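Here the structure is laid out as structure tokens; the discussion comes afterwards.
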Amino acid sequence: MNGYFGRYGGQFVPETLIPALDELEGAYKEFRKDKVYQRQLKTLLKDFAGRPTPLYYAERLSGYLSMKVYLKREDLLHTGAHKINNTLGQIMLARFMGKKRIIAETGAGQHGVATATVCALLGIGCVVYMGRTDVERQYINVERMKLLGAEVVSVEKGSATLKNAVNEALRDWVKSVRTTHYLIGSVVGPHPFPTIVADFQSVIGEEARAQILKRERRVPDHVIACVGGGSNAIGIFKGFVKDRSVDIRGVEAGGTSLDLGRHSATLTKGRPGILHGTLSYLLQDGSGQVADAHSIAPGLDYPGVGPEHSWLKDRKRVQYGVCYDREALHAFSVLSRLEGILPALESAHALGYLIEHKNEFNGKTIIINLSGRGDKDMDIVRQGGEYHG
């Protein structure tokens, strides 16, 4: 781990955090070699989280789109999303380091719920920072976190969304670093966080590759995942990035319309800049200040992106496109009605992109990472207008 993916990454943080990041990097290297902890983590992923998750052939959806569509069912994990892969890993790492307290940020609430769940399981104190806007639109997940024993701090500053929640969590960590582990929920932040989170999420791609080889006797033509910070996408991309025959697509939130400037399409419309301790693509205004992001999906409502995604974009190994709010809502309805699966609005962006560009994928074999389930989003879907279908 050298801290960079090409030019992206690094540690652009207050000097007081450098020793903590060095401690974390050193501990992670030892944690990966510790057979007892690795065995415990593997057991928890299987017996508590529910791994491996199925690779589901969506027959009716495939017929509707004239292609073969497989869904990697991360929505079936305990707590309802891929986030628990990372929270189990990092909280076990925190225990290995002797930390007594966990802090985390959350947007859609799934990372917060997964963090609170594992903290309850292992008896560790938990504080979750969440923007006021997200507290209001994801109140069910807020109640889940509180029931699990977490303290939920509503962040009122700025746009009161994920970016601001990360800011407050970092401020907390600066003051409490000796006893506290900051459990970042995506492949963002200063080194070594992007590498650590990607490692814990790479199980998605490892499983998906083995599963598709068993089903199809070959790798897929395309792999598609939604991208906010980018952990679910990196997780599944890791399984296929070395297969040059596999076309990989990351789908960002186009919001209401890119023309209106209300979106979260960081890799599509951003440029390199520094946010939350890392150099990566970033939404910026004309003065170079961090621009507000917008998405109907709270988990995609972030103006930055993981540095590894920026590197993959520049290398042209992954293509990044957008899906608009209305297209995501339509995809939510299509999958619900054709397959009996309510996807998270984040995941619906990946499916929405596929539906909108279906002629490009006609007759091909595709894997979509279904990173979470849509229970949490029912109020947003209802307020977004009538169901499309």
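The values are calculated or read from the model by the stated rules, or taken from the named source; none is laboratory data. Keep in mind that what you see is a predicted model, and the values were worked out from it rather than measured. Here the Cβ is made from the backbone with ideal geometry for all residues, glycine too, and neighbour counts use every protein chain on show.
Looking at residue 278 and the list (1) without any contact (Cβ under 8 Å) to a residue 60 or more places away in the chain; (2) crowded, with 24+ Cβ neighbours inside 10 Å; (3) β-branched (Val, Ile, Thr), which single condition is not satisfied? It is condition (1) that residue 278 fails.
Could you tell me whether residue 149 is among the small types (Gly, Ala, Ser), in contact with a strand residue (DSSP E or B) (Cβ under 7 Å, 6 or more places away or on another chain), in a loop (DSSP other than H, G, I, E, B) and in contact (Cβ under 8 Å) with a residue 40 or more places away in the chain? Considered against the rule, which asks whether it is among the small types (Gly, Ala, Ser), in contact with a strand residue (DSSP E or B) (Cβ under 7 Å, 6 or more places away or on another chain), in a loop (DSSP other than H, G, I, E, B) and in contact (Cβ under 8 Å) with a residue 40 or more places away in the chain, residue 149 comes out as no. Counting only residues that are more than 16 Å from residue 341 (Cα to Cα), in contact (Cβ under 8 Å) with a residue 60 or more places away in the chain and among the small types (Gly, Ala, Ser), segment 73-103 holds 2 of them.
Would you check if residue 71 is of a type in the set (A, V, I, L, M), within 24 Å of the chain's Cα centre (by Cα), surrounded by 14 or more Cβ atoms within 10 Å (Cβ to Cβ) and not assigned by TED's automatic domain parsing to the domain that holds residue 181? Considered against the rule, which asks whether it is of a type in the set (A, V, I, L, M), within 24 Å of the chain's Cα centre (by Cα), surrounded by 14 or more Cβ atoms within 10 Å (Cβ to Cβ) and not assigned by TED's automatic domain parsing to the domain that holds residue 181, residue 71 comes out as yes.
The single condition from (1) in contact with a helix residue (DSSP H, G or I) (Cβ under 6 Å, 6 or more places away or on another chain); (2) part of a helix (DSSP H, G or I) that residue 102 fails is (2).
Note on segment 48-99: residues that are touching a Gly at 6+ places or on another chain (Cβ under 7 Å), among the hydrophobic types (A, V, I, L, M, F, W, C) and not in a helix (DSSP H, G or I) total 3.
On inspection, residue 185 fails the criterion of being in a helix (DSSP H, G or I), within 29 Å of residue 326 (Cα to Cα) and not charged (D, E, K, R).
Among the residues of segment 204-214, is there at least one that is in the same structural domain as residue 285 (by TED's automatic domain parsing), surrounded by fewer than 19 Cβ atoms within 10 Å (Cβ to Cβ) and touching a strand residue (DSSP E or B) at 6+ places or on another chain (Cβ under 6 Å)? Within segment 204-214, none of the residues are in the same structural domain as residue 285 (by TED's automatic domain parsing), surrounded by fewer than 19 Cβ atoms within 10 Å (Cβ to Cβ) and touching a strand residue (DSSP E or B) at 6+ places or on another chain (Cβ under 6 Å). Looking across segment 3-19, just one residue is charged (D, E, K, R) and assigned to a loop (DSSP other than H, G, I, E, B), and that is 7. For segment 241-329, the strands (runs of 3 or more DSSP E) that sit wholly inside it and include 1 or more residues that are charged (D, E, K, R) are 247-255, 271-275.
If the condition is being in contact (Cβ under 8 Å) with a residue 40 or more places away in the chain and part of a helix (DSSP H, G or I), then segment 33-47 contributes 37, 40, 41, 44, 45. The residues in segment 295-329 that are within 16 Å of the chain's Cα centre (by Cα) and farther than 29 Å from residue 242 by Cβ can be counted, and the count is 6. A single member of 73, 51 is charged (D, E, K, R), at pLDDT 95 or above and farther than 18 Å from residue 199 by Cα, and it is 73.
Conditions (1) closer than 21 Å to residue 264 by Cα; (2) crowded, with 17+ Cβ neighbours inside 10 Å; (3) small (Gly, Ala, Ser), marked per residue:
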{"position": "321", "(1), (2), (3)": "yes, yes, yes"}
{"position": "358", "(1), (2), (3)": "no, no, no"}
{"position": "365", "(1), (2), (3)": "no, yes, no"}
{"position": "376", "(1), (2), (3)": "yes, yes, no"}
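Just wondering, is there one or more residues in segment 224-239 that are modelled with pLDDT of 95 or more, surrounded by fewer than 24 Cβ atoms within 10 Å (Cβ to Cβ) and part of a helix (DSSP H, G or I)? Checking segment 224-239: not a single residue is modelled with pLDDT of 95 or more, surrounded by fewer than 24 Cβ atoms within 10 Å (Cβ to Cβ) and part of a helix (DSSP H, G or I). Condition first: touching a Ser or Thr at 6+ places or on another chain (Cβ under 8 Å), among the aliphatic types (A, V, I, L, M) and assigned to a loop (DSSP other than H, G, I, E, B). Can you find one or more residues in segment 362-372 that meet it? So far as segment 362-372 goes, no, none of its residues is touching a Ser or Thr at 6+ places or on another chain (Cβ under 8 Å), among the aliphatic types (A, V, I, L, M) and assigned to a loop (DSSP other than H, G, I, E, B). Of the residues 259, 292, 243, only one is at pLDDT 95 or above, surrounded by fewer than 22 Cβ atoms within 10 Å (Cβ to Cβ) and not assigned by TED's automatic domain parsing to the domain that holds residue 192; which? It is 243. Scanning segment 181-195 for residues that are surrounded by fewer than 24 Cβ atoms within 10 Å (Cβ to Cβ) and under 14 Å from the mean Cα position of the chain (by Cα) turns up just one, 195. What is the one condition in (1) more than 26 Å from residue 225 (Cα to Cα); (2) surrounded by 20 or more Cβ atoms within 10 Å (Cβ to Cβ); (3) in contact with a strand residue (DSSP E or B) (Cβ under 9 Å, 6 or more places away or on another chain) that residue 144 does not satisfy? Checking residue 144 against (1) more than 26 Å from residue 225 (Cα to Cα); (2) surrounded by 20 or more Cβ atoms within 10 Å (Cβ to Cβ); (3) in contact with a strand residue (DSSP E or B) (Cβ under 9 Å, 6 or more places away or on another chain), the one that fails is (3).
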